[in-house]
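I have placed the structure first, in the form of structure tokens, so that the comments after it can refer back to it.
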There are 2 protein chains.
Amino acid sequence: MYQFTLKKTDALSHARLGEIETWHGTFPTPMFMPVGTQATVKSLTPEDLVEAGAGIILANTYHLYLRPGADLIEKAGGVHRFMNWKQGMLTDSGGFQVFSLSGLRKMTDEGVLFSSHIDGSRHFFTPEKVMEIEQKLGADIAMCLDVCAPVPCTYEEAKLAVERTTAWARRCKAAHTREDQALFGIVQGNIFEDLRTRSAEEIVEMDFPGYAIGGLSVGETKDEMYRILEHMHPLLPREKARYLMGVGSPEDLVEGVYHGIDMFDCVLPTRIARHGTAFTHTGKLVVRNASCSEDFRPIDEECHCYVCRNYSRAYLRHLVKAGEILAHRLISYHNVYFLLNLMKEIREAIAGDRFLAYRAEFQEKNRPFRKN
Amino acid sequence: MYQFTLKKTDALSHARLGEIETWHGTFPTPMFMPVGTQATVKSLTPEDLVEAGAGIILANTYHLYLRPGADLIEKAGGVHRFMNWKQGMLTDSGGFQVFSLSGLRKMTDEGVLFSSHIDGSRHFFTPEKVMEIEQKLGADIAMCLDVCAPVPCTYEEAKLAVERTTAWARRCKAAHTREDQALFGIVQGNIFEDLRTRSAEEIVEMDFPGYAIGGLSVGETKDEMYRILEHMHPLLPREKARYLMGVGSPEDLVEGVYHGIDMFDCVLPTRIARHGTAFTHTGKLVVRNASCSEDFRPIDEECHCYVCRNYSRAYLRHLVKAGEILAHRLISYHNVYFLLNLMKEIREAIAGDRFLAYRAEFQEKNRPFRKN
């Protein structure tokens, strides 16, 4: 079961309100999906994620295929059961990690040969192989194996990536048989508008239940990304969910929604937490900094999360300086809550016909380099 | 406020049931105290600890004095507020860490000069200085600065440690003025029975509200430790709490209670969790081992904790192998719960006049090297 319902489109922007129904529950859109790379959103339990407002999370096919292996997860009853997650789940195709993490890549029309970043062992991913893995993992939403061109890349490289992405999407669709899992198509084309148009037309023609925009947030400027999003808007069918892959900074979430995006994912909230950095309503706070040493205020005085209700910047800084795991855990919790709450505020703003005002206020508060 | 109430003594052993009342609530004894070395029980929140059954935790004076400093914690409103812990708290004296962690120690009758294990800076601990620090930290129970003789040590070294421990206890008592904090005395004497007798007589003569047995579980054999506990029993006043410092393996908790101990502390549950090892009712389980790779049972089928209700050995092993923080967190939670639940079972056994049977059953199940 998978159903996207578009509930409202903002009158003054492309922002949309919707709802996605899966076998593991229903969640509203626009939504941010925390990333559980290795079948765990780093340092957090499923209960933490639900409490923070998560309705769907992402797991990485590349990582889980290499360790512990798709067969083991299938034996466990699928990735939901394996990690004790009871709500929505999406698996990526592994393509992005093959290109960014592994060594010894060799791509042909057939597939991509790569070596594991863990032990150097060799593996060959084809569209059919990835469909087999994703169906064993058993998430609610699976992604087609796509080709993300290198950044920066030439027009010819981007064109080849688009062609292979289309051919592989066709093979993925043919190989995908699991009826309780929705398979999303991915549009490539880098920052070249004509390639984006071609890719969108070819992928949409195959009629997937949802469409992802891949190959952004990989090194291009923010203006380039926003330009491509604006270009993509009329190319994707209105009644299908739109997923912007790998995007998760607060400002990009607001801009993504402005351009009509329904779903986002990013490792950012847990990654910056590891380095002692937290999101706030006025920009990032580097908890590690000496300025926090005797600051008994919460991370963000506007935030109502468990961490902001119970812990001071001074205590969190102490944990960071002392190398304590609890620092990573508490700041991760706050950061994930912060993004999920941001999406909630955005949804409320769209519902209340005040999204543009919300966006303007957000941009005013989040000017770069603002001090906390 | 501090009050120990002895409620029952077992007819067939020295095991005791009691209760300790503090400004931060009441907890039953015998009790195990999880250790929050740096004002955090590694990877766990206060809510986790309460859920696992903790009524009192320990924090380390040496660590908190060096980082973030006692003045900062006093400004935060004390260590309870600093770390968001609302129940009982005990601070050790820092003596043990000075002798085991720091460099450049030089001890005189006046105090001990040492260098920080963090940055090499020099510090001088006297009984008066330690009382000042512990009163700033503001735990419910503070410990006197004692001298723990090296292991192995000569009779003369142990004798000097006893003499200084007595002299320093007297100075601690004189310097300690905080009425909402109970100050416990510490008995030393290594494995020499006559020195234990002398130390106990001198410390008990000062009339502290509770007594700790220090200098055990530091390298002597288990038989030596149990012999000293048996020797100590008649030397300590019946109506005061007895605290065996640094002890926390399941078998030592059972034996400690057998010998009349009311309180224990140890870093063991979180330390072994870091290495992927878990307590079970039949001995330790090395979750990291390949034997767990396709084992979908919980850590311990007899355990009712959050982790055993929700996660398999296979998943936990995956987290350990993948270096995920959640492994440390989940196994720490289980291990802390396990010890606190063990103490609960022990209290129920004493209350039901079946402690010796419980102990025999425990020993039968926990034979060394039993396979899980």
Subject >> Within region A:237-250, considering residues that are of a type in the set (A, V, I, L, M, F, W, C) and free of Cβ contacts under 8 Å to residues at least 40 places away in the same chain, the one nearest to A:D140 (Cα to Cα) >> reply: A:L244
Subject >> Breaking point among (1) in contact with a Ser or Thr (Cβ under 9 Å, 6 or more places away or on another chain); (2) in a loop (DSSP other than H, G, I, E, B); (3) small (G, A, S), for A:G219 >> reply: (1)
**OP:** For A:I56, state whether it is closer than 24 Å to A:C172 by Cβ, over 18 Å from the mean Cα position of the chain (by Cα) and buried (at least 24 other Cβ atoms within 10 Å of the Cβ).
**Re:** no
**OP:** Enumerate the pairs (first residue in region A:299-318 and more than 8 Å from chain B (Cβ to nearest Cβ); second residue anywhere and in a loop (DSSP other than H, G, I, E, B) and aromatic (F, W, Y)) with beta-carbon separation below 9 Å, excluding pairs fewer than 6 apart on the same chain, so at least 6 apart or on different chains.
**Re:** A:I299/A:Y311; A:R313/A:F296
Original post:
So is A:E51 within 10 Å of chain B (Cβ to nearest Cβ), within 21 Å of B:R329 (Cα to Cα) and open to solvent by 10 Å² or more (accessible area, probe 1.4 Å) or not?
Top reply: no
Original post:
Any residue in region B:111-129 that is among the aliphatic types (A, V, I, L, M), more than 30 Å from B:I331 (Cα to Cα) and open to solvent by less than 20 Å² (accessible area, probe 1.4 Å)?
Top reply: yes
**OP:** Could you list, in sequence order, all residues of region B:118-140 that are farther than 17 Å from B:K106 by Cβ and aliphatic (A, V, I, L, M)?
**Re:** B:I118, B:M131, B:I133, B:L137, B:A139
Original post:
Can you name every residue in region B:201-216 that is under 14 Å from B:C144 (Cβ atoms) and touching a helix residue (DSSP H, G or I) at 6+ places or on another chain (Cβ under 8 Å)?
Top reply: B:E202, B:I203, B:V204, B:M206, B:F208, B:Y211, B:I213, B:G214, B:G215
Original post:
Filter region B:23-46 for residues that are more than 14 Å from every other protein chain (Cβ to nearest Cβ) and open to solvent by 10 Å² or more (accessible area, probe 1.4 Å); which is nearest to A:S332 (Cα to Cα)?
Top reply: B:H24
Subject >> Exclusive hit being at pLDDT below 95 and open to solvent by less than 30 Å² (accessible area, probe 1.4 Å), set A:C172, A:C153, A:C144 >> reply: A:C153
**OP:** Considering (1) of a type in the set (D, E); (2) open to solvent by less than 20 Å² (accessible area, probe 1.4 Å); (3) in contact with a Ser or Thr (Cβ under 8 Å, 6 or more places away or on another chain), say which one B:D10 fails and leave the rest.
**Re:** (3)
**OP:** Count, please, the residues in region B:344-357 that happen to be crowded, with 19+ Cβ neighbours inside 10 Å and either within 14 Å of another protein chain (Cβ to nearest Cβ) or of a type outside the set (D, E, K, R) (or both).
**Re:** 4
Original post:
Has region B:175-184 got any residue that is surrounded by fewer than 24 Cβ atoms within 10 Å (Cβ to Cβ), in a helix (DSSP H, G or I) and modelled with pLDDT of 95 or more?
Top reply: yes
Original post:
Only one of (1) within 14 Å of chain B (Cβ to nearest Cβ); (2) within 25 Å of the chain's Cα centre (by Cα); (3) without any contact (Cβ under 8 Å) to a residue 60 or more places away in the chain fails for A:Y333. Which number is that?
Top reply: (3)
**OP:** Please specify each residue of region A:67-78 satisfying the condition of being more than 10 Å from chain B (Cβ to nearest Cβ) and open to solvent by 20 Å² or more (accessible area, probe 1.4 Å).
**Re:** A:E74
Subject >> Selection from region A:79-98 of residues that are open to solvent by 10 Å² or more (accessible area, probe 1.4 Å), away from chain B (no Cβ under 11 Å) and either farther than 22 Å from B:G323 by Cβ or without any contact (Cβ under 8 Å) to a residue 60 or more places away in the chain (or both) >> reply: A:H80, A:Q87, A:Q97
Original post:
Out of region A:96-141, which residues are among the small types (G, A, S), touching a Phe, Trp or Tyr at 6+ places or on another chain (Cβ under 9 Å) and modelled with pLDDT of 95 or more?
Top reply: A:G111
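The values are calculated or read from the model by the stated rules, or taken from the named source; none is laboratory data. The structure presented is a predicted model; accordingly, all values stated were derived computationally and were not measured. Virtual Cβ from ideal backbone geometry, glycine too; neighbours counted across all protein chains shown. Quick note on the areas: whole protein, heavy atoms, side chains included, nothing else; ligands and nucleic acids left out. Shrake-Rupley method; radii C 1.70, N 1.55, O 1.52, S 1.80 Å.
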